[in-house]
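Everything on this sheet refers to the single structure shown next.
The values are calculated or read from the model by the stated rules, or taken from the named source; none is laboratory data. On a predicted model such as this, the values are computed, not experimentally measured, just so you know. All Cβ positions, glycine included, derive from the backbone under ideal geometry; neighbour counts span all protein chains shown. Heads up: the accessible areas ignore ligands, DNA and RNA and are worked out on the full protein's heavy atoms, side chains in. Shrake-Rupley method; radii C 1.70, N 1.55, O 1.52, S 1.80 Å.
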Amino acid sequence: MAQREFMEYDVVIVGAGPSGLACAIRLRQLAAQHGNELSVCVLEKGSEVGAHILSGAVVEPRALDELIPDWRERGAPLHTPAREDRFLFLTAQGSWKLPTPPQMHNHGNYIVSLGNLCRWLGEQAEALGVEIYPGFAAAEVLYDDAGRVTGVATGDLGVGRDGQPTDHYQPGMELRARQTVFAEGCRGSLTRELMERFGLRDGAEPQTYGIGIKELWEIDPSRHQPGLVVHTVGWPMDFNTYGGSFLYHLENNQVAVGFVIGLDYTNPHLSPFDEFQRYKTHPAIRPTFEGGRRVAYGARALSEGGLQSIPRLTFPGGLLVGDTAGFLNVPKIKGTHTAMKSGMTAAEALFGHLTAAEAGTEVATYPDRLRTTWLWDELHRVRNIRPAFRWGLLGGVAYSALDTYLLRGRAPWTLRHHHDHTQLRRAADAPRIDYPKPDGKVSFDKLSSVFISNTNHAEHQRVHLTLRDPSIPVAHNLALYDAPEQRYCPAGVYEIVREADGSAPRLQINAQNCVHCKTCDIKDPTQNIRWVVPEGGGGPNYPNM
């Protein structure tokens, strides 16, 4: 095989999301302020910056104000101020308006397309001299003889399903760095490797996750209320399952609608995708979409563990920022401002470190700096709210009120988490769920949804959804849990096939459908499924998501 070429930088950042781009921008700002030359490179596995970015999203501009104070004059795509908050409890046929929790008040925030915001941040980074390479998936961590991280390598191109090079084979490229920043987003595949190699999760609570499924609609102008923010709890979830919806009115008659379900749910018959589709048929929700047109669909996992689940953030030669570390503020339903702040704080620690220390050593000041920021205080105050929902909806709401209004986030205890993949009951012990057929007007099937996510992967490449033991999906998952991967995947990737000749059932992996949400890597009961990066540029191409 051909030798890999390489390029060298001071800092390589893996992922062009809010945290990675904020880190890159801040690094170059500091270099300019101090008259230092600092080479910074950002790798992005999506076909362009923003292609894989999906969030609600209502953005709190606090971190953006700090990073680029004149963002309004520069034309940042924050066009729709949040004007009204509504918080509803849904029953099967009715709805009750509840007081909006203080963390969910959105005065001063903006309803945005996070993908478009990242595209704009990418432009700001490039204007400062950051090199951004979209369409290049970081597939391998590089180490030196002492075990320190020295950069990453992009994936080989032109490798067939059998793992052998084809006529179109091209080796990946090594991007070597004095320090490597991992900003992969939720459940990053390289971050998972680093956590195992360096024991980064030792002493931290298990990370717990949610799956967020989102659609973008163009609706009847008469139903459009720019700046309206609606959240719901209750139906279609039962009282023991953590979940809720968002509905945000953007500009241009667009509405972003989605549903988030905690991946610690227990019923293996539950399908997050179908719960979302069912939610849109509710009498209080359906009128918004009647006469409208669905224009985009996507899904992604999100890290919900909060402060107690944050791993050790540094290791020799690198560090973690953003949702790959888990800085989401769950009660606020916001993580962009905290992700950006983590990236900015990392940049400040990195800059001082690179001018004073040997390459490959640990940036020990980064966690210390974080603990003095508003990010740490913000996450500390809400750390007990998500784990309180282990007591169900009513127990979680009651505890959240106690923690918010009486204790004010200063409880002398910290509640614990559990591993999501251990929570499923056996299929025989759980009630089946009868989901209605999609009507093609406000509710839809998976395949038509994946189609409008613009998902594509190069033909004949290696399947990027790997099984440690190919026998487990049938012998264990199907036998005990009725193959829950068929339902927790929101893209129809996993399918149990039963042949007409009566032969044994088998699992078929339709990797072409994968929208890179990582839910399978999280929820699989035996952790048998491993999500790894496909060839760069593959996956969804989200417009305005």
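Observations on the structure shown:
- Close pairs from region 465-484: first closer than 16 Å to Ala428 by Cα and among the hydroxyl-bearing types (Ser, Thr, Tyr), partner open to solvent by less than 40 Å² (accessible area, probe 1.4 Å) and outside any loop (DSSP other than H, G, I, E, B), Cβ under 7 Å, at least 6 apart: Tyr481/Ala427
- Identification of helices (runs of 4 or more DSSP H) wholly contained in region 317-426 with 2 or more residues that are under 22 Å from Glu196 (Cβ atoms) and open to solvent by less than 40 Å² (accessible area, probe 1.4 Å) yields 336-354, 365-371.
- Exactly one residue out of Arg300, Arg286 is open to solvent by 50 Å² or more (accessible area, probe 1.4 Å) and within 21 Å of the chain's Cα centre (by Cα), and it is Arg300.
- Subset of region 427-469 that is among the small types (Gly, Ala, Ser), on the phi < 0 side of the Ramachandran plot and assigned to a loop (DSSP other than H, G, I, E, B) - its residue that is surrounded by the most Cβ atoms within 10 Å (Cβ to Cβ): Ser453
- Counting only strands (runs of 3 or more DSSP E) that fall entirely inside region 188-290 and contain at least 3 residues that are under 30 Å from Val14 (Cβ atoms), the qualifying elements are 209-218, 254-262.
- Among the residues making up region 490-527, those that are touching a Pro at 6+ places or on another chain (Cβ under 9 Å), in contact (Cβ under 8 Å) with a residue 40 or more places away in the chain and of a type outside the set (A, V, I, L, M) are Pro490, Cys514, His516, Cys517, Thr519, Lys523, Asp524, Pro525.
- Check on Tyr110, modelled with pLDDT of 95 or more, hydroxyl-bearing (Ser, Thr, Tyr) and open to solvent by 50 Å² or more (accessible area, probe 1.4 Å): no
- Scanning region 193-214 for residues that are open to solvent by 10 Å² or more (accessible area, probe 1.4 Å) and within 16 Å of Thr422 (Cβ to Cβ) turns up Arg201, Glu205, Pro206, Gln207, Tyr209.
- Within region 528-545, the residues that satisfy the criterion of being open to solvent by 40 Å² or more (accessible area, probe 1.4 Å) and either more than 21 Å from Arg161 (Cα to Cα) or without any contact (Cβ under 8 Å) to a residue 24 or more places away in the chain (or both) are Asn541, Pro543, Asn544.
- If you go through region 471-511 and pick out every residue that is in a loop (DSSP other than H, G, I, E, B), open to solvent by 60 Å² or more (accessible area, probe 1.4 Å) and either closer than 27 Å to Arg300 by Cβ or of a type in the set (Lys, Arg) (or both), you end up with 1.
- Among the candidates Ala458, Ala411, Ala428, Ala475, residue that is among the aliphatic types (A, V, I, L, M) and within 28 Å of the chain's Cα centre (by Cα): Ala458
- Residue match in region 293-301 (condition: in contact with a Ser or Thr (Cβ under 8 Å, 6 or more places away or on another chain) and assigned to a loop (DSSP other than H, G, I, E, B)): no
Residue-by-condition table, conditions (1) surrounded by fewer than 15 Cβ atoms within 10 Å (Cβ to Cβ); (2) in contact with a Leu (Cβ under 8 Å, 6 or more places away or on another chain); (3) under 29 Å from Cys517 (Cβ atoms):
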residue	(1), (2), (3)
Ala138	no, yes, yes
Leu142	no, no, yes
Arg148	no, no, no
Gly151	no, yes, yes
Gly155	no, no, yes
Thr166	yes, no, yes
Gly172	no, yes, yes
Cys186	no, yes, yes
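- As for region 67-85, it holds no residue that is open to solvent by less than 10 Å² (accessible area, probe 1.4 Å) and in contact with a Ser or Thr (Cβ under 9 Å, 6 or more places away or on another chain).
- Hits in region 251-264 - residues which are open to solvent by 10 Å² or more (accessible area, probe 1.4 Å) and over 14 Å from Asn544 (Cβ atoms): Val260, Asp264
- Matching option when the condition is among the acidic types (Asp, Glu), over 20 Å from the mean Cα position of the chain (by Cα) and part of a loop (DSSP other than H, G, I, E, B), among Glu48, Glu37: Glu37
- Filtered residues of region 478-521 (kept if under 16 Å from the mean Cα position of the chain (by Cα) and basic (Lys, Arg)): Lys518
- Residue selection: Arg390 satisfies the criterion of being touching a residue at least 24 places away in the same chain (Cβ under 8 Å) and under 24 Å from Asn329 (Cα atoms).
- Restricting attention to region 325-366, the residues that are of a type in the set (D, E, K, R), within 22 Å of Pro69 (Cβ to Cβ) and more than 17 Å from the chain's Cα centre (by Cα) total 1.
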